[in-house]
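Colleague: Pasting a structure below so you can have a look.
The values are calculated or read from the model by the stated rules, or taken from the named source; none is laboratory data. Everything quoted here is computed from the prediction, not taken from an experiment. Backbone-built Cβ (ideal geometry, glycine too); neighbour counts: all protein chains shown. Heavy atoms of the whole protein, side chains included, go into the accessibility calculation; ligands, DNA and RNA do not. Shrake-Rupley method; radii C 1.70, N 1.55, O 1.52, S 1.80 Å.
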Amino acid sequence: MPQARPIERPYPTAQPLRRHDREPTVSAPVVAPADPLAYAGHRIDPERRRGRGATINPGGRYEAEQRVSEDDGWGSLEELPPFKTEIAYEKARNIITRNDSPDISFDRSINPYRGCEHGCVYCFARPTHAYLGLSPGLDFESKLTAKPDAAALLERELSSPSYQPRTIAIGTNTDAYQPIEKKLRIMRQILEVLAKFNHPVGIVTKSALVQRDIDILAPMAEKGLVKVAISVTTLDPKTARGMEPRAASPPKRLETIRKLSEAGIPVTVLVAPIVPAINEHEIERILDSAKAAGAQEAGYVLLRLPLEVRDIVQEWLLTHHPDKLRHVMSLIRSTRGGKDYDSQWGQRMVGSGPYAWMIGRRFELAAERIGFNTTRRRLRTDLFVKPEKEKAQLSLF
């Protein structure tokens, strides 16, 4: 039977448009209905998105219109191509990003990539792709941007006379050890610069590729300059493949914790995110397994659904867990004051209400019983040193 030929038609934007600061704002209908069943018709064909996390590819909130495939009933002479990983290169002016968020422990970070091929359906960084005119859906995990000059920029910024060292976080927005890092090696170059300056760094990843850099991380750890956090969302390979299709498998992450720990590198396990009715029953098992592998500290994050992430997660649930969709969303809203998401400082990571309280107490009791967080290792800044620049001309005196 011939395939239906897809056509595209404009779909109204979810946000007001502002064509110029002096022009009035024009409101438009909401794109994603509250009922995700109404959005199911815009799902991308499974063959086109094989090995990807998101099931839809909606336009960003800044776009004037969205396009969705429609069956015109005529049949198709050619099929739309599958989503392939594409890499663009960015000429960045700076590499260290600053923040003043009161509910996180760092004030600066580095993101050598935009977008993430791991394809974690729940990733709270997905909406940032809208700034590039791309979709937070499948575009986020297939249209990536790399910053090849990251190490040179970092060395320049650390050499500034006014620079004051504090821990730099890496992996906060997209995973620096995603698959393209194996070839591009931007993260390794960054670590080489940080090691040269004796600068502290905290790394968050769910990739086994971090093992490649143990030769740099271990000497830094001896000086108290590095901590690595491994995110373990689930121990069930099937659930992991559905939620995080191109990230390391659960056994590989536990192996990574063990190898880092054996090399003397302090490791934290992050049970993140906790998705109500999907992986919450695994909290204790994940902590037990991570402790046995050598993790010393532990933390958790409750599922966050900012902006476009809400629709992507709902569509994923409708595809993989249709019987749990409404139950999961009901539990999420119970932790967010009746809304899909609450961005309030201090609440966005852990939620509020009885259900969120129960999740928090379960985690705390399990962590205490197992022996996590008995001590908190602080990274050193007093070893920071700026290597002397090579002089182009010898001194006359």
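Colleague: Out of (1) over 18 Å from ASP107 (Cα atoms); (2) surrounded by 19 or more Cβ atoms within 10 Å (Cβ to Cβ), the odd one out for GLU192 is which?
Modeller: Only one criterion in (1) over 18 Å from ASP107 (Cα atoms); (2) surrounded by 19 or more Cβ atoms within 10 Å (Cβ to Cβ) is unmet by GLU192, namely (2).
Colleague: Still on this model: Under 8 Å by Cβ, and 6 or more places apart or on different chains, what pairs join a residue from the stretch 174-198 that is on the phi > 0 side of the Ramachandran plot with one that is surrounded by 19 or more Cβ atoms within 10 Å (Cβ to Cβ)?
Modeller: Partner pairs satisfying both residue conditions: ASN198/LEU225.
Colleague: Among all residue pairs at least 6 apart or on different chains, which show Cβ distances below 7 Å where the first residue, located in the stretch 321-343, is assigned to a loop (DSSP other than H, G, I, E, B) and the second is of a type in the set (Phe, Trp, Tyr) and modelled with pLDDT of 95 or more?
Modeller: Close Cβ pairs satisfying both conditions: THR335/TYR355.
Colleague: With LEU191, LEU235, LEU209, LEU217 as the choices, which residue is among the aliphatic types (A, V, I, L, M) and closer than 13 Å to LEU379 by Cβ?
Modeller: Just one listed residue meets the conditions, LEU217.
Colleague: Further question on the same structure: Can you find a residue in the stretch 242-255 that is under 30 Å from SER330 (Cα atoms) and of a type in the set (S, T, N, Q)?
Modeller: yes
Colleague: While we're here: List the residue pairs whose Cβ atoms are under 7 Å apart, where the first residue sits in the stretch 81-96 and is among the hydroxyl-bearing types (Ser, Thr, Tyr), the second is open to solvent by 50 Å² or more (accessible area, probe 1.4 Å) and in a loop (DSSP other than H, G, I, E, B), and the two are 6 or more positions apart or on different chains.
Modeller: Note: pairs meeting the criteria are TYR89/PRO148.
Colleague: Show the residue pairs that are 6+ apart or on different chains and have beta-carbon atoms under 8 Å apart, the first residue being within the stretch 216-231 and hydroxyl-bearing (Ser, Thr, Tyr), the second being open to solvent by 10 Å² or more (accessible area, probe 1.4 Å).
Modeller: So the pair list comes out as SER231/VAL204; SER231/LYS206; SER231/LEU270; SER231/ALA272.
Colleague: On to the next question. Test ALA290 against the criterion of being open to solvent by less than 20 Å² (accessible area, probe 1.4 Å), assigned to a loop (DSSP other than H, G, I, E, B), on the phi < 0 side of the Ramachandran plot and small (Gly, Ala, Ser), and give yes or no.
Modeller: no
Colleague: Right, another one. If I filter the stretch 66-99 down to residues being in contact with a helix residue (DSSP H, G or I) (Cβ under 7 Å, 6 or more places away or on another chain) and either at pLDDT 90 or above or surrounded by fewer than 16 Cβ atoms within 10 Å (Cβ to Cβ) (or both), which single residue comes out as farthest from ASP311 (Cα to Cα)?
Modeller: Per the criteria, the residue is ASN94.
Colleague: Now for a separate question. Look at the stretch 165-201 and say how many of its residues are closer than 18 Å to CYS116 by Cβ and either among the acidic types (Asp, Glu) or outside any loop (DSSP other than H, G, I, E, B) (or both).
Modeller: Going through the stretch 165-201 one residue at a time, the tally reaches 11.
Colleague: Related question: Based on this model, can you work out whether VAL301 counts as under 19 Å from the mean Cα position of the chain (by Cα), within 20 Å of ASN173 (Cβ to Cβ), assigned to a helix (DSSP H, G or I) and among the hydrophobic types (A, V, I, L, M, F, W, C)?
Modeller: The answer is no for VAL301.
Colleague: Another one. Go through the residues of the stretch 364-371 one by one and say whether even a single one is over 30 Å from ALA221 (Cα atoms), of a type outside the set (Ser, Thr, Tyr), free of Cβ contacts under 8 Å to residues at least 12 places away in the same chain and surrounded by fewer than 15 Cβ atoms within 10 Å (Cβ to Cβ).
Modeller: Looking for residues that are over 30 Å from ALA221 (Cα atoms), of a type outside the set (Ser, Thr, Tyr), free of Cβ contacts under 8 Å to residues at least 12 places away in the same chain and surrounded by fewer than 15 Cβ atoms within 10 Å (Cβ to Cβ), one finds none in the stretch 364-371, hence no.
Colleague: Looking at THR145, THR128, which is the one that is farther than 18 Å from GLN314 by Cβ, part of a helix (DSSP H, G or I) and either open to solvent by less than 30 Å² (accessible area, probe 1.4 Å) or not charged (D, E, K, R) (or both)?
Modeller: THR128
Colleague: Tell me, which residue of the stretch 100-125 that is among the charged types (D, E, K, R) and either open to solvent by less than 40 Å² (accessible area, probe 1.4 Å) or in contact (Cβ under 8 Å) with a residue 40 or more places away in the chain (or both) is nearest to TYR89 (Cα to Cα)?
Modeller: Filtering the stretch 100-125 for residues that are among the charged types (D, E, K, R) and either open to solvent by less than 40 Å² (accessible area, probe 1.4 Å) or in contact (Cβ under 8 Å) with a residue 40 or more places away in the chain (or both), the one nearest to TYR89 (Cα to Cα) comes out as ARG114.
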